[in-house]
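Remarks on the structure that follows.
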Amino acid sequence: MTEIGFDGRVAIVTGAGGGLGRTYALELARRGARVVVNDLGGSMDGRGGGSSMADAVVKEIAEAGGQAVASYDSVATVEGGEAIVATAVDRFGKVDIVINNAGILRDKTFVKLAAEDLESVLDVHLKGAFFVTQPAFRLMKENGYGRLLFTSSTSGLLGNFGQTNYGAAKAGLLGLSNVLALEGAKYNIKSNVIAPTARTRLTEDLLGPMAEKLAPECVTPLALYLVSEACEVTHEIYTAGGGRYARIFVGLNDGWVKGPGEPATLEEVAANFASIRDPEGYVIPTSTADDLQKVGRVLKGDVSIQRPGR
Ligand code: NAI
């Protein structure tokens, strides 16, 4: 098997002072990347801050013979995102890889959710990914190379009780990644999403007896593969945890067709609902064009997909 290296590559890992991000930073550096270890150093609900978490990881990397620089900026502001990218450029001259990984939790059931719990979670996960990725993307475009990874969660992609704020932010990252995959395609910028499961400070009270086998290091290889030069895929979603590596995808079925440009009645929708929701024969779309193409076929008179009452 060919070894996958990161020699000459410059990587930014946000939230790399602990948990999953720390393992990404250590392994990237071990494999030759120069790494910006970004971490605000606050509590898991996003309060406070400090330099010790990022510093400790930079020290670990240096002691193992790798190259890294600490950044204590918050991803949650435009200035913070720009400063993180500027750290990479000032110290290492460019940015090849961004792993958007910083995260916080403010779990509450929907009825109890305060506006502040929504804003802080959207700020770190969703807006934070915009703020760090945008200045990096501009440089990647100029350089004709980039690898972006966004950290989503099954809580957003699939749903998890008590996490509306977090789930919405995490699902929003899928939209961001999908569009960047398209905008980055001709510049050799790949953009993918990972939904990890690992024992970290965010999850230690939630995973129960499974926690023992859910080391963050089990997620690291897939995350790093997705930001490696060897990675050819873009616009995709993967999940990793406990030694299992898998793909999640959004599927699009053929649906049911009334007729080209013909609106159905509510009753016809009800009568054909089984066909409308039948996943049989689904495809995995690579952009909105795949959906439009199916509509286009119908408008051109191809109603062979599924006729009324079939
Ligand atoms: P963690 O709490 O160990 O890591 C998150 C890091 O982000 C912390 O070190 C924290 O200081 C940093 N951070 C928080 N706000 C920041 C900000 N504004 N700017 C810069 N850094 C900031 O937790 P973990 O589990 O390693 O989480 C990493 C990512 O994985 C998060 O995005 C999380 O939502 C996601 N995730 C984790 C899962 C798990 O099972 N551990 C499951 C699904 C998603």
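Checked against the criterion of being touching a residue at least 40 places away in the same chain (Cβ under 8 Å), away from the ligand (no atom under 16 Å from the Cβ), within 25 Å of Ala198 (Cβ to Cβ) and among the charged types (D, E, K, R), the candidates Arg22, Arg9 yield just one match: Arg9. Among the residues of segment 136-149, the ones that are in contact (Cβ under 8 Å) with a residue 12 or more places away in the chain and either surrounded by fewer than 20 Cβ atoms within 10 Å (Cβ to Cβ) or within 9 Å of the ligand (Cβ to nearest atom) (or both) come to 5 in all.
Any idea which of Tyr245, Tyr225 is assigned to a strand (DSSP E or B) and either surrounded by fewer than 16 Cβ atoms within 10 Å (Cβ to Cβ) or on the phi < 0 side of the Ramachandran plot (or both)?
Details: Tyr225 fails: assigned to a strand (DSSP E or B).
Going through Tyr245, Tyr225 in turn, the sole match is Tyr245.
For segment 15-61, what are the residues that are open to solvent by 40 Å² or more (accessible area, probe 1.4 Å), assigned to a loop (DSSP other than H, G, I, E, B) and under 19 Å from Ile4 (Cβ atoms)? Quick ask: steps written out before the conclusion?
Initial filter on segment 15-61 (open to solvent by 40 Å² or more (accessible area, probe 1.4 Å)): 22, 26-27, 30-31, 34, 40, 43-45, 47-49, 51-53, 55-56, 59-60.
Narrowing further to those that are assigned to a loop (DSSP other than H, G, I, E, B): 31, 40, 43-45, 47-49, 51.
The one that is open to solvent by 40 Å² or more (accessible area, probe 1.4 Å), assigned to a loop (DSSP other than H, G, I, E, B) and under 19 Å from Ile4 (Cβ atoms): Arg31.
Which residues, taken from segment 105-140, are under 23 Å from Gly19 (Cβ atoms) and among the small types (Gly, Ala, Ser)? Of everything in segment 105-140, those that are under 23 Å from Gly19 (Cβ atoms) and among the small types (Gly, Ala, Ser) turn out to be Ser120, Gly128, Ala129, Ala136. Residues in segment 106-123 that are open to solvent by less than 30 Å² (accessible area, probe 1.4 Å) and part of a helix (DSSP H, G or I): 3 in all.
Scanning segment 158-182 for residues that are more than 15 Å from the ligand (Cβ to nearest atom) and free of Cβ contacts under 8 Å to residues at least 24 places away in the same chain, we see that the one that is most open to solvent (accessible area, probe 1.4 Å) is Val179. Please determine whether any residue of segment 195-214 is in the same structural domain as Gln134 (by TED's automatic domain parsing), out of contact with any strand residue (DSSP E or B) (no Cβ under 9 Å at 6 or more places or on another chain) and among the small types (Gly, Ala, Ser). Yes, that holds for at least one residue. Say we look at segment 76-102 and pick out the residues that are in a loop (DSSP other than H, G, I, E, B) and over 24 Å from Arg31 (Cβ atoms); which of these is farthest from the ligand (Cβ to nearest atom)? Out of the qualifying residues, it is Thr77.
The values are calculated or read from the model by the stated rules, or taken from the named source; none is laboratory data. Note that the structure is a prediction, hence the values are computed from the model and not measured. Here the Cβ is made from the backbone with ideal geometry for all residues, glycine too, and neighbour counts use every protein chain on show. Areas reflect the complete protein model, heavy atoms only, side chains present, ligands, DNA and RNA absent. Shrake-Rupley method; radii C 1.70, N 1.55, O 1.52, S 1.80 Å.
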